[in-house]
Amino acid sequence: MTRTLTRAWEEILRPMLKRPNRLQVAALCYRTGADGKEVLMITSRGTGRWIIPKGWPVEGKDGPASALQEAWEEAGVRSASVSKQPIGEYNYVKRRDHGVDEPVTTLIFSAEVETLAEDYPESDQRKRQWMRPEEAAELVQEPQLQALLRQL
């Protein structure tokens, strides 16, 4: 009997109750300088840790356009060439304002930055900094994002 209940839980009930991960989009903003590629990192508003611009998809925009919207609001990216398809993804657990943890999958789009603005919507809430991909990989917490940065 216990084996039957365990099997019913694992194969039927648990998959029905488990929600799929929420989806976010991110822009891996980069430029190529004399010393090679640099990525644009920003600090999160809550903890101040280093991240890439990311957020929920914007209604009426596809993934690349939503990622560029986040890059504008959070990092001041005025114009950039963005990839049509994600170059990777990472998973993390987001703590919501009401205290509930929510699993999130973030699709990453590359964005070659052409112009940065000094004044942008979240300029007073975040720091931004260009850095080598290897340095950025050491500062982020998500292993999948670390691996992607190291591949640059």
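Every number in this text was worked out from the coordinates using simple rules, so none of it is lab data. None of these values were measured; they are calculated from a predicted model. Every residue, glycine as well, gets a Cβ built from its backbone with ideal geometry; the counts of neighbours run over all protein chains shown.
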In nanometres, the difference between 0.36 nm per residue of separation and the alpha-carbon distance of N91 and T2 is 28.7 nm
Using Cβ counts within 10 Å as a stand-in for footprinting exposure, how do L149, L116 rank, fewest first? L116, L149
Treating the beta-carbon of each Lys and Arg as +1 and of each Asp and Glu as -1, no other charges, what is the dipole magnitude of the range 20-151 about its Cα centre, to the nearest 20 debye? 200
Which residues qualify? For S123, with a placed amide H closer than 5 Å and at least 5 residues away or on another chain, they are none
Figure the gain on full extension for R150 and S44 (residue separation times 0.36 nm, minus the Cα-Cα span) and round it to one decimal in nm. 36.1 nm
Name the lysines eligible as straight-distance cross-link partners of K84: C-alpha to C-alpha under 18 Å, and not fewer than 8 places from it in the same chain. K54, K61
Among 101-107, 57-63, 32-38, what's the highest-first ranking by average C-beta atoms within 10 angstrom per residue? 101-107, 57-63, 32-38
For S110, list long-range residues whose amide hydrogen, built 1.01 Å from N in the peptide plane, is under 5 Å from its own amide hydrogen. L28, S83, I87
Please give the calculated 222 nm ellipticity per residue for the chain, where each DSSP H segment of at least 4 residues contributes -39500 (n - 2.57) and the sum is spread over every residue; nearest 500 deg cm²/dmol? -7000 deg cm²/dmol
Under the definition of Cα pairs under 8 Å and six or more residues apart, what whole-number percent is the relative contact order of the chain? 28
Taking Rh as the Kirkwood radius computed over C-alpha pairs, what is the Stokes-Einstein D of the chain at 20 °C in a medium of viscosity 1.002 mPa s, expressed in µm² per second? 128
For helix 63-75, report the angle its Cα long axis makes with the longest principal axis of the Cα atoms of the chain; keep it between 0 and 90° and round to the nearest 10°. 60
Net charge over other residues, Cβ less than 11 angstrom from the Cβ of W72 (K, R count +1; D, E count -1): -3
Top positive-direction residue, dipole computed over the chain with Cβ charges, set I87, N21, T6: T6
For the range 89-140, what is the largest minus smallest coordinate of the Cα atoms on each principal axis, given in angstrom and ordered from greatest to least? 37, 27, 20
Between V100 and E142, what FRET efficiency comes out of the Förster formula 1/(1 + (r/R0)^6) with R0 = 30 Å and r the beta carbon distance, rounded to 0.05? 0.90
